[in-house]
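Structure first, then comments.
The values are calculated or read from the model by the stated rules, or taken from the named source; none is laboratory data. None of the values given here were measured: they were computed from a predicted structure. We place every Cβ from the backbone using ideal geometry, glycine too, and count neighbours over all the protein chains shown.
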Amino acid sequence: MVLRRHRLPRPYRALLPLFVLLPAPIFLIAILIGKGFSTALFDPRFWLPLCIALIPAVYWWREGVDVTESGIIRRIHIHRYYAFEELKDWAFLSRDGVLVVWDQRDEKALECRQNLTEFPALLNTIRSRITNS
């Protein structure tokens, strides 16, 4: 069960994918005005780049950190669950506004900026559940 979700703030989370996907309706309107309903609408050279543009839009919409009772789910690049017992150390670089969490193998498990929603709650959870070694 997810207790809290930490994502980009709503305006950025909505506008970034919108800007990536905005060319599709513009191109459709331009084709319909210029040629009317034509076979150009079914051309894979038209749809393939628009489908590829969905990848960053979905990534921006889904990225973030989920906090559960037993650990965190990192939704950055590759989704991965880390139990709190697997996490060894953490540091918050206040000058840069970056939270870094390391696992037992001294690899970065999570690195995120403080612009996530409810960031103080995430920081408090990390502070209380992971003891610095």
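General remarks:
- Of all residues in region 97-120 being of a type in the set (A, V, I, L, M) and in a strand (DSSP E or B), the one that is nearest to the chain's Cα centre (by Cα): Leu110
- Qualifying residue in region 121-131 (condition: at pLDDT below 90, out of contact with any Asp or Glu (no Cβ under 8 Å at 6 or more places or on another chain) and outside any loop (DSSP other than H, G, I, E, B)): no
- Single match in Leu8, Leu16 (criterion: assigned to a loop (DSSP other than H, G, I, E, B) and closer than 17 Å to His77 by Cβ): Leu8
- Between Ile52, Ile31, Ile78, Ile26, the distinction of being aliphatic (A, V, I, L, M) and under 24 Å from Gln114 (Cα atoms) belongs to Ile78 only.
- Sub-8 Å Cβ pairs linking a first residue in region 14-32 that is in contact (Cβ under 8 Å) with a residue 12 or more places away in the chain and small (Gly, Ala, Ser) to a second residue that is surrounded by 14 or more Cβ atoms within 10 Å (Cβ to Cβ) and in a helix (DSSP H, G or I), at least 6 apart or interchain, are Ala24/Leu50, ordered by first then second residue.
- Residue satisfying condition, being of a type in the set (Phe, Trp, Tyr) and out of contact with any helix residue (DSSP H, G or I) (no Cβ under 9 Å at 6 or more places or on another chain), within set Phe42, Phe46, Phe84: Phe42
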